[in-house]
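Asker: Once you've had a glance at the structure underneath, I'll fire off some questions.
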Amino acid sequence: MQDGVPTGLAATIGDVEPRDLFEILVRENADMVRAYLLCHVRDPATVEDLLQEAFLTAWRILDRYDRQLPFGPWVRGIAAKLLLNHRRKMGRSKVWFCDEESMHVMEEAFCKLQTLKGDTFDEKLDHLRVCLEKLNAVQRDAIRMHYEHGLQCKEIATRTGTGFEAVKKHLQRGRAALLRCMEARAVASGAPS
């Protein structure tokens, strides 16, 4: 690091300042990293803390970043390591975490999502929104209650008057249908599978 500027970013394109370039990368990737963290942690304050720490760490070690590779997976890797460290510190707590295998599967899904057409993360999420609308109403409602509102299967069953096992099946089938739809959209948009 030289004068507070990571050496790997010292030779930038044109007259763009390193901090400005990094700010662009942060803006382009913050929503995706936040979504990735929200897949693993249910506490929004913890997610925001980990998000800020991930980008701060990325700035500090930017000279290690291989500019031939996409920035998103690199910074999500940093977030994943911070997440694992946080999980070790917290032990068994009320904050929900996935296991390492689930984190790997989630990273693969985010990499596929990143290849879809669209300049911003929100435009890429339009593919997911289209697929979500294709689900039957019961699956769509279960998915929304679980992922958008953070309700557990037991709470969804109580609210909908549906059995616990039925809610689990709706979520399982809804996720499988979403995956098939997203993969089909990726193929249709020319993204590598």
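Asker: For the range 154-193, name all the residues that are exposed (fewer than 13 other Cβ atoms within 10 Å of the Cβ) and either outside any helix (DSSP H, G or I) or in contact (Cβ under 8 Å) with a residue 24 or more places away in the chain (or both).
Answerer: GLY161, GLY163, GLY190, PRO192, SER193
Asker: Which one of ARG87, ARG144, ARG76 is surrounded by 15 or more Cβ atoms within 10 Å (Cβ to Cβ), charged (D, E, K, R), at pLDDT 90 or above and within 22 Å of ARG42 (Cβ to Cβ)? Step through it out loud before you land on a result.
Answerer: Numbers: ARG87 fails: at pLDDT 90 or above; ARG144 fails: at pLDDT 90 or above.
None of the others qualify; the one that does is ARG76.
Asker: When you look at ASN85, is it under 13 Å from the mean Cα position of the chain (by Cα) and over 21 Å from GLU148 (Cβ atoms), yes or no? Can you show your working first?
Answerer: Values: under 13 Å from the mean Cα position of the chain (by Cα): no; over 21 Å from GLU148 (Cβ atoms): yes.
The answer is no for ASN85.
Asker: Condition test on LEU128, is it in contact with a helix residue (DSSP H, G or I) (Cβ under 6 Å, 6 or more places away or on another chain), in a helix (DSSP H, G or I) and modelled with pLDDT under 85?
Answerer: Working: in contact with a helix residue (DSSP H, G or I) (Cβ under 6 Å, 6 or more places away or on another chain): no; in a helix (DSSP H, G or I): yes; modelled with pLDDT under 85: yes.
No.
Asker: Still on this structure, please answer the following. Please enumerate the residues belonging to the range 158-173 that are hydrophobic (A, V, I, L, M, F, W, C) and more than 10 Å from MET145 (Cβ to Cβ).
Answerer: Of all residues in the range 158-173, those hydrophobic (A, V, I, L, M, F, W, C) come to 164, 166-167, 171.
Of everything in the range 158-173, those that are hydrophobic (A, V, I, L, M, F, W, C) and more than 10 Å from MET145 (Cβ to Cβ) turn out to be PHE164, ALA166.
Asker: Also, I was wondering about something else. Over 29 Å from ARG27 (Cβ atoms), surrounded by 17 or more Cβ atoms within 10 Å (Cβ to Cβ) and at pLDDT below 85: which single residue out of LEU135, LEU151, LEU113 fits that description? Show your work before the answer.
Answerer: Details: LEU135 fails: at pLDDT below 85; LEU113 fails: over 29 Å from ARG27 (Cβ atoms).
Result: LEU151 is the single residue among LEU135, LEU151, LEU113 that is over 29 Å from ARG27 (Cβ atoms), surrounded by 17 or more Cβ atoms within 10 Å (Cβ to Cβ) and at pLDDT below 85.
Asker: Sort out which residues of the range 49-72 are surrounded by 14 or more Cβ atoms within 10 Å (Cβ to Cβ) and in a helix (DSSP H, G or I), and write them in order of number.
Answerer: Passing the criteria: ASP49, LEU50, LEU51, GLU53, ALA54, PHE55, THR57, ALA58, TRP59, LEU62, PHE71, GLY72.
The values are calculated or read from the model by the stated rules, or taken from the named source; none is laboratory data. No experiment lies behind these values; they were computed from the predicted model shown. Counting neighbours? That spans all protein chains shown, and the Cβs are built from the backbone with ideal geometry, glycine included.
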